[in-house]
Amino acid sequence: MTDPFDLEAQAQALAQDRDRAALKRAQDDKDLMDLMGGPGGRRIVWRLLEQTGVFRSSYAGDVDTYFREGSRNIGLMWLADIHRLCPERYCEMMMEANANDD
């Protein structure tokens with residue numbers, strides 16, 4: 001615990017927290033790119049996107065809508081990361097999923 005009057009120590013602690021968060025984000029980004037780098041990983045991600053309801057309406061006409069919308073939000077966050085990091089892999093994943101549907 002830092003001294004509440006030690007502004008320098010607080011600033012250092014904040015900088016360390018930011019550095020740790022940046023390292024974690026970089027590792028998460030690398031992990032997702034690794035996952036999207038192979039057909040097996042892309043199949044897993046496609047199933048995750050389907051299961052979270054990204055490609056369908058979450059409206060159920062009752063309180064289930066809230067649960068579905070929460071799941072869909074998780075899927076949309078994954079989808080945003082994919083488009084930010086490796087959009088070409090998303091296109092590849094879609095083509096593979098469509099080929100597997102045949």
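Where a number appears in this text, it was derived from the coordinates with a stated rule and is not lab data. This one's a predicted model, so the numbers in the text were calculated from it and none came from an experiment. Don't worry about glycine lacking a Cβ; one is built from the backbone with ideal geometry, like all the others, and counts go over all protein chains shown.
Between 0 and 90 degrees, the angle of helix 7-36 with respect to the longest Cα principal axis of the chain falls at about 20 degrees.
Angle of helix 64-85 to the longest C-alpha principal axis of the chain, folded into 0 to 90 degrees and rounded to 10: 80°. This model, with +1 at the C-beta of Lys and Arg and -1 at the C-beta of Asp and Glu, gives the chain a dipole about its Cα centre of some 220 debye.
For the pair Ala15 and Arg68, label points projected 7 Å from Cα toward Cβ lie 5.0 nm apart. Comparing Ala11, Ala80, Ala22 in a Gaussian network model of the chain, where Cα atoms under 10 Å apart are tied by springs, the biggest mean-square fluctuation is seen for Ala11. Normalised by 2.2 N^0.38 Å, where N is the number of residues, the alpha-carbon radius of gyration of region 7-101 equals 1.42. Each residue in Thr65, Thr52 was given a count of other beta-carbon atoms within 10 angstrom of its own, and listing them fewest first yields Thr65, Thr52.
Only Cα pairs under 8 Å and 6+ residues apart enter the sum, and on that basis the relative contact order of region 7-101 stands at 29 percent.
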